[in-house]
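Chemist: One structure coming up, written as structure tokens, with questions to follow.
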Amino acid sequence: MNKLSACSSMACGISLQPKMVLASLRVRKQGNGRCTNVPRNVNLEKLQNNYLFPEISKRELQHLEKYPNAKVISLGIGDTTEPIPEQISLSMANYARALSTADGYSGYGAEQGNQALRKAIAETFYKDVAIKDTEVFVSDGSQCDISRLQLLLGSKVTIAVQDPSFPGYIDSSVIIGQAGDFQDKTGKYQNIEYMQLGPQNNFFPDLTVTPRTDIIFFCSPNNPTGHAATRKQLQQLVEFARDNGSIIIFDSAYAAYISDDSPKSIFEIPGAKEVAIEISSFSKFAGFTGVRLGWTVVPEELLFSGGFPVIHDFNRIVCTCFNGASNIAQAGGLACLSPEGFQAICAVIDYYKENAKILVDTFASLGLEVYGGVNAPYVWVHFPGSKSWNIFAEILEKTHIITVPGSGFGPSGAEYIRISAFGKRKHIIEASWRLEKLFSKGKPLFNCLK
């Protein structure tokens, strides 16, 4: 069986019925041992189906079983494919080797992160906005920090998410107990405010009709649409949060891909320190998807309604639930932010951006509506009147290309697919050729989609 990509790890899951009673009965029937008297977490029973990306991996494996000789190109799960620059991997290797020596051995580090790395993050990404190193918390990745922030915020807050958006925001909200029941008719959770994004509003929500919520999850550049919010748009968002006394959880994981003058941090906007937390990652910036390293910025100015500093509670969450990021990974992070390391990383980012341009040009030449791919490593392609899982299945069946169905990111993604630019150049070109060849047959590509 052949694959033309670096595969992400698999995870197992159970496809759940929306009704909690049915879900409990299914789990009871599946067990081989004797049941305990401990009930299942009712919030987990509310999750809909498997988490998106393990489901994509499962379908990829099923396709390879059906077509064992197929050369599958994975442009689905956003996993980096290019090697980490040598000077960065060497720094981690040297740190690991030193652990075998008396002078080089180290045990637990500070839960908040290596002080040198915290300082380097503050100086590299936030020098012009005066973020202090003590406001930076180093972690094992932004997705893990999303869950820690949910633990910080608790089950009683109300939340808003971009629609479409990264599914981790919604799933973590369901697990912590914020989301309420799933509404089959709308495809939404009862207590979550979905801020619709699309070409009709330049992929930015209409805040004049958006109800007030305690928390606003906002990703820019957005995953999956690839849209980077403009300075004017983020000014509107910060003003909206300030007027409503809300907190923005700003995900800047793809900021390194911004090519125009769009802000790379929410803290470039005046007043944001009083209403925002920023999470970010080395994963797509430095190819650390497997190394695991990220950070969260909690400004000292950010206060709860009673005046208590949010940073103090987040510090307590971190110290209670986390023993700190790997010392080896943090050594790699420091190397990334050295002048030589940063230059090498930027060259890899440029490589992925060129991949994105190839994909955008391909879909545009085929007459399809395509968005993103300029300020982000994702291309968002519209198929009006079609269902995204059907589009996904049709492309996979006819071209052996893995994509991601847009509905996995929310109801507003129902007619879209997301294409990742993470891949070897030859595989990106091959994928483009396969799509062009399929269209050139003169037959409708998506004849079974509706």
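Chemist: Grab the DSSP H runs of the chain that are 4 residues or longer, score each as -39,500 (n - 2.57), total them, divide by all residues and round the 222 nm result to the nearest 500 deg cm²/dmol.
Modeler: Per the formula, -11500 deg cm²/dmol.
Chemist: Suppose a student asked you for the relative contact order of region 162-310, using Cα pairs under 8 Å spaced at least 6 residues apart; what percent would you report?
Modeler: 16 percent
Chemist: Let me ask something additional. Read phi for every residue in region 147-159 and hand back ³J(HN,Hα) as whole Hz from Karplus 6.51 cos²θ - 1.76 cosθ + 1.60, θ = phi - 60°, with x for Gly and Pro.
Modeler: Listing the rounded values in order: 5, 5, 5, 4, 5, 4, 7, x, 8, 8, 7, 9, 10 Hz.
Chemist: From the phi of every residue in region 288-299, what ³J(HN,Hα) in whole Hz does the Karplus formula 6.51 cos²θ - 1.76 cosθ + 1.60 yield, where θ is phi - 60° and glycine or proline is x?
Modeler: 9, 4, x, 6, 6, 7, x, 7, 10, 10, 10, x
Chemist: Mind checking the full-extension length gain between Asp128 and Thr208? Use 0.36 nm per residue of separation minus the Cα-Cα distance, one decimal, nm.
Modeler: Between Asp128 and Thr208, full extension yields an extra 25.7 nm.
Chemist: Tell me, what HN-Hα J-couplings in whole Hz come from the Karplus equation 6.51 cos²θ - 1.76 cosθ + 1.60 at θ = phi - 60° for each residue of region 92-99, using x for Gly and Pro?
Modeler: Result, rounded to whole Hz: 5, 5, 5, 5, 5, 4, 5, 5.
Chemist: Hey, another quick one. Determine the relative contact order of region 86-338: mean sequence separation of Cα pairs under 8 Å and six or more apart, normalised by residue count, in whole percent.
Modeler: 26 percent
Chemist: Do any chymotrypsin sites (Phe, Trp or Tyr not before Pro) in region 50-135 lie in a loop, going by DSSP, with at most 13 other beta-carbon atoms within 10 Å of their beta carbon, and if so which?
Modeler: Tyr105, Tyr108
Chemist: What are the residues whose amide H is under 5 Å from the amide H of Glu82, where those residues sit 5 or more places off or on another chain and H is modelled from the backbone?
Modeler: Residues meeting the criterion, in which the H sits 1.01 Å from N, do not exist here.
Chemist: Right, something else. Specify which residue in the list Ile146, Gly76, Ala96 is farthest towards the positive end of the charge dipole of the chain, using unit charges on the beta carbon of Lys, Arg (+1) and Asp, Glu (-1), about the Cα centre.
Modeler: Value: Gly76.
Chemist: When the C-alpha atoms of the chain are aligned to their principal axes, what extent does each axis show, in angstrom, from largest down?
Modeler: 62, 55, 51
Chemist: Can you tell me the length gained on complete extension of the stretch Arg242 to Asn191, counting 0.36 nm per residue apart and subtracting the Cα distance?
Modeler: So the extension gain works out to 16.2 nm.
Chemist: Right, something else. Could you pull the Rg and Dmax for region 141-200, using just the Cα atoms, both in Å?
Modeler: Gyration radius and largest Cα-Cα distance of region 141-200: 11.8, 35 Å.
Chemist: With each label point set 7 Å from Cα along the Cα-Cβ vector, what nm distance links Glu354 and Arg97?
Modeler: My value for the distance between the label points is 3.2 nm.
Chemist: Please report the antiparallel percentage of DSSP beta bridges with both residues in the chain, rounded to the nearest 5.
Modeler: Counting DSSP beta bridges with both partners in the chain, the antiparallel share is about 50 percent.
Chemist: Okay, moving on. What is the magnitude of the charge dipole of the chain about its Cα centre, with +1 placed on the Cβ of each Lys and Arg, -1 on the Cβ of each Asp and Glu, and no other charges, expressed in debye to the nearest 20?
Modeler: Dipole of the chain, to the nearest 20 debye: 1760 debye.
Chemist: Using the crude model of +1 on Lys and Arg Cβ and -1 on Asp and Glu Cβ, and no other charge, please compute the dipole size for region 109-161 relative to its Cα centre, in debye to 20.
Modeler: 120 debye
Chemist: Please list, ordered by chain and number, the residues whose modelled amide H lies under 5 Å from the amide H of Asn222; skip anything fewer than 5 residues away on the same chain.
Modeler: Under 5 Å from the amide H of Asn222 lie the amide H atoms of His227, Ala228, Ala229, each far enough along the sequence or on another chain.
Chemist: Could you work out the relative contact order of the chain? I mean the mean sequence separation of Cα pairs under 8 Å and 6+ apart, divided by the number of residues, in percent.
Modeler: With pairs under 8 Å counted, the relative contact order is 19 percent.
Chemist: Bin all alpha-carbon pair distances of region 86-338 at 5 Å intervals from 0 and give each bin's fraction as a whole percent.
Modeler: Reading upward from the zero bin: 1, 6, 13, 18, 19, 17, 12, 7, 4, 2, 1, 0, 0.
Chemist: Are there any trypsin sites (Lys or Arg not before Pro) in region 69-165 that are in a DSSP loop and have at most 16 other Cβ atoms within 10 Å? List them by number.
Modeler: Here the trypsin sites (Lys or Arg not before Pro) that fit, given the DSSP loop and packing criteria, are Lys132, Lys156.
Chemist: What order, most packed first, do the peptides 423-432, 199-208 have when packing is the mean number of other Cβ atoms within 10 Å of each residue?
Modeler: Per-residue Cβ counts within 10 Å, averaged per peptide and sorted highest first, yield 423-432, 199-208.
Chemist: Put +1 on the Cβ of every Lys and Arg and -1 on every Asp and Glu Cβ in the chain; which of Asn32, Leu334, Pro221 then has its Cα farthest towards the positive end of the dipole?
Modeler: Asn32
Chemist: Taking H as built 1.01 Å from N, whose amide H comes closer than 5 Å to the amide H of Leu303, not counting residues under 5 places away?
Modeler: Amide H neighbours of Leu303: Val310.
Computed from the coordinates by the stated procedures, all read-outs in this text should not be read as laboratory data. All of these numbers come straight from a predicted model, not from anything done at the bench. For neighbour counting, all protein chains shown are included, and Cβ atoms are generated from backbone atoms with ideal geometry for every residue, glycine included.
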